[in-house]
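The structure under discussion appears below in the form of structure tokens.
The values are calculated or read from the model by the stated rules, or taken from the named source; none is laboratory data. Predicted model only: the values in this text are computed from it and were never measured. A quick note on method: Cβ atoms are made from the backbone with ideal geometry, for glycine too, and the neighbour counts reach across all protein chains shown. Just so you know, the surface numbers come from the protein's heavy atoms only, side chains and all, with ligands and any DNA or RNA stripped out. Shrake-Rupley method; radii C 1.70, N 1.55, O 1.52, S 1.80 Å.
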Amino acid sequence: MRRALRCLLPLAIVAGSAALGAAGTGTATAAGPGTSTSIKDRILAIPGMSLIEEKPVDGHRFFLLNYEQPIDHKHPEKGTFQQRISVLHKGDDRPTVFETSGYDLNEKPSRDEPTRVVDGNQVSMEYRFFTPSRPRPADWSKLDIRQAAADQHRVFSALHRIYDQKWISTGASKGGSTAAYYRRFYPRDMDGTVSYVAPNDVDKRDSSAYYDFFKNVGTKECRDRLNAAQHEIFERRGEMVSRLKTWADRKHYTFRLAGSADKAFELTAQDVVWGFWQYHPESECDTVPRPDASTDTLYDWVGKIGDWKASTDQDMRGYVPYYYQAGTQMGSPDYEEPLLDDVREYQGLNVPRTYVPRDIPMKYDGGKAMRDIDRWVREDSSRMLFVNGENDPWHAEPFRVGEGSKDAHVYVAPGQNHGAQISTLAPDDRAAATKSLLKWAGVADEVRGEKAEHGAPAPLAGYDAKLDKHGPRLAPRL
């Protein structure tokens with residue numbers, strides 16, 4: 001899943017914020033379809049919107065923008081911060097996909113799977129408190145799922161009068177969870193939601209699902225090989241830590257948050273099995289080093305699977321907002337591989353508090369927020385689609401729909417990991433999920449006779465090598 005303020009809110013922005021929250025229209029006087037006003041001018045006519053940069057992209061226009069948001073949506077008079085968003089514009093007569101990674105913003109033009117399927121526009125939003133969308137000074141108590149949902153609601157309300165066709169929210173990993181949280185608090189904003197590989201830690205005290213997952217994922221042969229390599233890495237702790245220190249000194253990396261190079265070693269090394277299943281296919285099991293491999297081979301393998309930099313201050317600091325939320329509301333798995341009990345030296349080290357500077361106060365809400373979200377998804381949600389990977393550790397605690405859910409579906413992609421997509425589902429599931437998405441986006445009647453692989457309707461937009469590159473989603477493991 002892993003891997004700002006200046007002054008009081010100006011009167012004009014206060015008025016605009018109130019209007020947006022109440023009516024979803026704002027005060028902009030943007031021109032409507034069919035006028036000569038450019039899409040750029042219409043977007044920049046929205047109060048609080050400013051242009052950072054426009055980047056060239058074939059067949060679209062791409063704008064990187066700042067949008068002025070209240071630090072506290074309950075008290076907008078207390079100040080604002082600049083939140084980055086981007087708009088990939090296809091046409092104001094097309095549906096719009098609203099995407100958030102739950103982390104920072106991808107500054108390059110790109111297109112998520114739902115955007116290609118519906119041939120739509122895409123609005124992407126940087127999650128509050130990720131740099132540079134962070135209030136200055138930062139009041140961390142204003143980093144919660146409801147404030148973030150209100151950010152999305154204001155962005156949607158501001159842009160909806162320009163993009164007035166159907167809207168679909170989406171995201172993956174923490175972004176997938178974020179899409180569900182947004183629907184919980186503003187259920188009528190979106191016409192549908194596609195949530196990919198979204199964790200749902202309802203009861204932080206119970207991590208048994210993760211223990212069961214690692215006892216059964218893949219083949220026994222593969223599990224045994226991974227466990228043996230990991231245990232041997234711990235057996236060679238001295239050699240590994242020596243290499244880690246030398247590397248960190250050369251790169252000028254530090255380990256203040258982790259506490260020491262030895263603790264940083266443990267944080268990274270205990271995650272290699274999790275990291276393997278999260279990002280690598282089972283077919284790569286034969287590349288896992290044998291216990292008699294050289295220390296260099298084992299060290300390099302950990303770097304590839306777990307990334308030694310992940311436990312440095314330089315990497316951790318970029319994800320402090322995620323770890324803060326994991327430790328205050330979202331929860332995190334307390335899974336620690338029991339096969340390492342004889343070699344682990346820091347029981348309970350891999351918890352959110354480790355990754356957050358000690359001058360930032362944290363208090364867990366006892367699971368109240370996640371229980372509320374989980375109940376709403378099972379009892380009141382509608383037009384939601386959850387896509388999970390069978391071999392993804394985060395799938396151990398997924399979202400579920402229930403009798404109260406309407407037109408809501410959960411799909412599992414066979415053999416897939418944290419990169420699961422609609423396109424990787426089994427044939428019948430892929431066809432059903434694609435048809436739901438097209439229906440919710442209001443473009444089902446645009447589907448022609450051609451079928452994609454496995455009989456699902458083909459995406460309405462052709463593949464674009466620059467826009468549609470798809471790689472594994474970075475996500476931390478606690």
- Where region 61-213 is the region considered: accessible area per residue in Å², 1.4 Å probe: 30
- Query: Between residue 53 and residue 212, what length in nm is gained on full extension when 0.36 nm per residue of separation is reduced by their alpha carbon distance?
  - Reply: 52.5 nm
- Per its Cα gyration tensor (rounded if a/c is under 1.5, else prolate when a/b beats b/c, else oblate), region 134-230 is best filed as prolate
- Tell me, how many Å apart are the Cα centres for region 147-182 and for region 334-378? 27
- When the chain is fully extended, how far beyond the present Cα-Cα distance does residue 221 get from residue 450, taking 0.36 nm per residue of separation? 78.3 nm
- Taking 0.36 nm per intervening residue step and subtracting the Cα-Cα distance, what contour gain separates residue 249 from residue 282 on full extension? 8.4 nm
- Entry for Cα extents along the principal axes in Å (calculated from the structure that is shown) out of [x] 71, 56, 44; [y] 72, 52, 43; [z] 65, 55, 46: [x]
- Message: Suppose R0 equals 56 Å. What FRET efficiency, 1/(1 + (r/R0)^6) with r the Cβ-Cβ distance, do residue 351 and residue 37 give to the nearest 0.05?
- Response: 0.60
- Task: Indicate, rounded to the nearest 5 percent, the antiparallel portion of the DSSP beta bridges found entirely in the chain.
- Result: 45
- Query: How would you rank 268-277, 82-91, 397-406, highest first, on the average number of other Cβ atoms within 10 Å across their residues?
  - Reply: 268-277, 82-91, 397-406
- Message: Sort 305-314, 408-417, 457-466 by the packing proxy (mean of other Cβ within 10 Å over each peptide's residues), most packed first.
- Response: 305-314, 408-417, 457-466
- Message: With a 1.4 Å probe and all protein chains left in place, how much of the accessible area of the chain comes from carbon and sulfur atoms, in whole percent?
- Response: 49
- Roughly how many Å² is the accessible area per residue of region 315-463, as a whole number, for a 1.4 Å probe? 43
- For residue 45 and residue 363, what is the calculated FRET efficiency with R₀ set at 45 Å and r taken between the beta-carbons, to the nearest 0.05? 0.60
